Amino acid sequence: YYGRRKNTFRTATQAVDKARQYAYRDRRVRKREFRALWIQRINAAARLYGVTYSQMMGGLIKGGIEVDRKMLADLA
C-alpha cells in the first residue's frame, strides 16, 4: 500500500476490505483458470496423436481409467 492508503485509517481499512474481496473472489477464479490451462495442455498433446480432447476424455471414461485433468496435464 502506498500514498494516502497507508497513512489514513479509513482509507487503509477500505483498501484492506477491497483486497480481501479480491482475494476471496480470485481463490475461486484461480481454480477455473488452472482447470482451463490443464485442458489446453491435454488437448495440445492429444492432437499430436490425431484425436481431440473430448474424444480422448470419452475414451478414458469408457475404458474406466480414472485420471484427473491435473495428472493428465503433467503426463502430457
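Structure summary
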quantity	calculated
Computed helical MRE - 222 nm, the chain, DSSP H runs ≥ 4 contributing -39500 (n - 2.57), nearest 500	-25000 deg cm²/dmol
0 to 90° range, to nearest 10: angle between helix 53-62 axis and the chain longest Cα axis	70
Fraction in percent of alpha-carbon pairs per bin - 10 Å, the chain	17, 30, 17, 14, 14, 9, 0
Cα-projected label distance for residue 55 with residue 12, points at 7 Å along beta-carbon direction, nm	6.1
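The numbers here are math on the coordinates, done by the rules we state, and not lab data. All values reported here derive from a predicted model rather than from experimental measurement. Cβ coordinates were reconstructed from backbone atoms using ideal geometry, including for glycine residues, and neighbour counts include every protein chain displayed.
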